[in-house]
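**Student:** I'd like to ask you about the structure that follows.
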Amino acid sequence: MPPDTGLWQRVESEAHRIFAAYHYGEIRTPILEETALFARGVGAETDIVMKEMYSFLDPLDLEQLVKKYAEIQEREAQPQRAFGAGLKDALWDVMPREQKLTLRPEATASVVRAYIEHSLYNQGGTQKLYYIGPMFRRERPQKGRYRQFYQIGAEVLGSQNPLLDVEVIEMLVLFFERVGIREYQLLINSVGCPQCRAAYLEVLRQALQDVKTTMCADCQRRADTNPLRVLDCKVEADQPIIEKLPQIIDHLDPECRQHFERVTSELQARGLVYQITPRLVRGLDYYTRTTFEITSGALGAQNAVVGGGRYDGLSEMLGGPPTPGIGFSIGQDRLILAVQAAAVLQPGNPLAVYVVWMGGATLAPASRLVRELRAQGLSVEIDYDSMKIKKAMGVANKLQARFAIIIGEGELASGKYQIKNMASGEQKELEPGGIAEYVKEKL
Ligand code: HAM
């Protein structure tokens, strides 16, 4: 709601500006996508896909649904069972892929889907795309964590060059500066490529065999299904155990190591401060090589404002040509909390002028002036109900107008209006034609 939305707009316009400077074009992907996209892209074993997606069956035609239902009943030894919780799962399994839909939990998979669908790889060079919009995850809502939240994100497709990793991070840092956030940490890691990661996962699995029974139930399961996720565990008692586990950064193959070293040395060369964080493996399966996050101390528990990294295999995973990629998403809700805490960026478009009129004959010229000032792009307010001057000035104050313009019978006669600077109290007379210029100069 206003005035907060003013701040959201300022942040978004800074984002549009910076993306334009780095030559990104905006992409708007659908909010509804096929469930299969995220299962394949984000990974069936991830928290997002397993627990957090809002998915539903869209039975395009009811007859078909009834037919499928009859088929299930026929198969089931006890038809009544199919009425229970099992029905939904049974139907889900038999319905065609294009009828299983999900409210997008993130946009990277969608962007890569669009890249493949529209053969953007035929255009040569790298494709740089950005998006701003709502995402949906099933969460227990709390400060900084919502079921519908907003991301500002960017993706670059078509280059493996580590300098692009650095450019993407540099752009983020510049954006943070522009919106006035100074207190943040850039955490960075490499999760290697599928080859060196496979070797590391074997080492990790081995190490976990000895300790997993002392860990939380989730970790015990992950130790077998997806050992990398153990490193994300937040359970206090598990932390000392996790600290001693082998680290992926020590198991990179020579190419991945070289890539990571080029990224970090170039970050250093550009004066971008980072912290290598070996446990930063990120909660999505598509990542390869560089992963990064930006956290902010101003945010308390939900302190990750940005998550990102490379995903060199994602295009192939989604049926496209081999295409390396890198990108990030800023959690806009959390970013706004940090922007508010920093208190540098202010909501845009404050009220420039409040026009006060006194006496029936003054309403028409007052309205004319309001229209002229608005046409010049100034933010102007007028009340059409007549008010005593004291009350009207109170309204101007409450609306935090920068100037009040007072038009009474006397002003009308002299052709000069009173203009009052609401902050300083300074008051002068101006001809209507000179007001726009005067106000613009003073704002
Ligand atoms: P992610 O880490 O899942 O990455 O989300 C990025 C950011 O979105 C988080 O750091 C956080 O600020 C915000 N966020 C996530 N969930 C919530 C929530 N429930 N409420 C509020 N904010 C939330 C991705 O989504 C990847 N697509 C990032 C990426 C782009 N990697 C490569 N390209």
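**Student:** Hey, got the dipole for the chain? About the Cα centre, +1 on K and R Cβ, -1 on D and E Cβ, debye to the nearest 20?
**Tutor:** On the way: 52 positive and 56 negative charges, 216 e Å.
That gives a dipole near 1040 debye.
**Student:** Given the pairs LYS128/LYS234; LYS51/LYS234; LYS398/LYS428; LYS67/LYS88, which span a C-alpha to C-alpha distance of over 26 angstrom in this model?
**Tutor:** LYS128/LYS234
**Student:** Mind checking the stretch 169-269 for GluC sites (Glu not before Pro) that DSSP puts in a loop (not H, G, I, E or B) and that have at most 15 other Cβ atoms within 10 Å?
**Tutor:** Qualifying residues, ordered by number: GLU183.
**Student:** Please work out how much length the chain gains when fully extended from GLU372 to ALA423, using 0.36 nm per residue of separation minus the C-alpha to C-alpha distance, in nm with one decimal. Provide the component values of the computation, followed by the final result.
**Tutor:** Numbers: separation 51, 0.36 × 51 = 18.36 nm, distance 2.37 nm.
The GLU372-ALA423 span can extend by a further 16.0 nm.
**Student:** Please give the charge dipole size of the stretch 23-182, origin at the Cα centre, charges +1 on K and R Cβ atoms and -1 on D and E Cβ atoms. Round to the nearest 20 debye.
**Tutor:** 560
**Student:** Continuing with this model, one more query. Using alpha-carbon positions, what is the distance between the centroids of the stretch 295-352 and the stretch 29-56, in Å?
**Tutor:** 19
**Student:** Between the stretch 104-121 and the stretch 387-416, what is the separation of their alpha carbon centroids in Å?
**Tutor:** 55
**Student:** Moving to a separate point now. Just to be sure I understand: of the beta bridges DSSP finds with both ends in the stretch 331-443, what percent are antiparallel, rounded to 5?
**Tutor:** Percentage antiparallel, nearest 5: 50.
**Student:** Still on this structure: Evaluate the charge dipole of the stretch 166-324 about its Cα centre and quote only its size in Debye, nearest 20, assuming +1 on the Cβ of each Lys and Arg and -1 on the Cβ of each Asp and Glu.
**Tutor:** Charge dipole, the stretch 166-324, about its Cα centre: 160 debye, nearest 20.
**Student:** Place the peptides 186-199, 216-229, 62-75 in order of packing, highest mean first, counting for every residue the other Cβ atoms within 10 Å and averaging per peptide.
**Tutor:** Descending packing order for the listed peptides: 186-199, 216-229, 62-75.
**Student:** Moving on to the next point. Determine the sum of side-chain charges near GLU170: Lys and Arg each +1, Asp and Glu each -1, restricted to other residues whose C-beta is under 12 angstrom from that of GLU170.
**Tutor:** Overall, the nearby charge balance is -3.
**Student:** Can I ask one more? For Cα pairs less than 8 Å apart in space and 6+ apart in sequence, what is the mean separation divided by the residue count of the stretch 358-443, i.e. the relative contact order in percent?
**Tutor:** 26
**Student:** OK, next. Of GLN376, TYR131, GLY297, whose Cα points farthest to the positive end of the dipole of the chain (charges on the beta-carbon: +1 Lys, Arg; -1 Asp, Glu; origin at the Cα centre)?
**Tutor:** Among GLN376, TYR131, GLY297, the one farthest towards the positive end of the dipole of the chain is GLN376.
**Student:** Have a look at GLY313, ALA198, ALA21 and report the one farthest towards the positive end of the charge dipole of the chain, computed about the Cα centre with Cβ charges (Lys/Arg +1, Asp/Glu -1).
**Tutor:** The Cα lying farthest towards the positive end belongs to ALA21.
**Student:** For the chain, just the Cα atoms, rotate onto the principal axes and tell me the three extents in Å, largest first.
**Tutor:** 90, 63, 50
**Student:** Still on this structure: Could you state the per residue volume, in Å³, of the convex hull enclosing the Cα atoms of the stretch 275-368?
**Tutor:** 202
**Student:** Determine the relative contact order of the chain: mean sequence separation of Cα pairs under 8 Å and six or more apart, normalised by residue count, in whole percent.
**Tutor:** 17
**Student:** Starting from the 7 Å offset along Cα-to-Cβ, what nm value, one decimal, do you get for the label separation of LEU163 and LYS388?
**Tutor:** 7.2
**Student:** Okay, next question. For the modelled label position 7 Å from the Cα of LYS398 along Cα-to-Cβ, which residues of the stretch 3-39 have backbone nitrogen atoms closer than 19 Å?
**Tutor:** Within reach of a label on LYS398: 3-4.
**Student:** Looking at the chain, what % of its DSSP beta bridges pair antiparallel, to the nearest 5?
**Tutor:** DSSP beta bridges in the chain are roughly 80 percent antiparallel.
**Student:** Over the Cα atoms of the stretch 245-315, how large are the radius of gyration and the largest Cα-Cα distance (Dmax), in Å?
**Tutor:** In Å, with Rg to one decimal and Dmax whole: 13.3, 38.
**Student:** I've got another one for you. Report, in deg cm²/dmol and to the nearest 500, the calculated mean residue ellipticity at 222 nm for the chain, where each DSSP H run with n ≥ 4 adds -39500 (n - 2.57) and the sum is divided by the residue count.
**Tutor:** -12000 deg cm²/dmol, from helical runs alone.
**Student:** OK, next. So what are the stretch 12-168's ellipsoid semi-axes, whole angstrom, largest first, if each one is the square root of 5 times an eigenvalue of the alpha-carbon gyration tensor?
**Tutor:** Ellipsoid half-lengths, sorted descending, are 38, 18, 13 Å.
Since every read-out is calculated from the coordinates, none of them should be taken as a lab result. Since the structure is predicted, the reported quantities are computational estimates derived from the model, not experimental observations. Don't worry about glycine lacking a Cβ; one is built from the backbone with ideal geometry, like all the others, and counts go over all protein chains shown.
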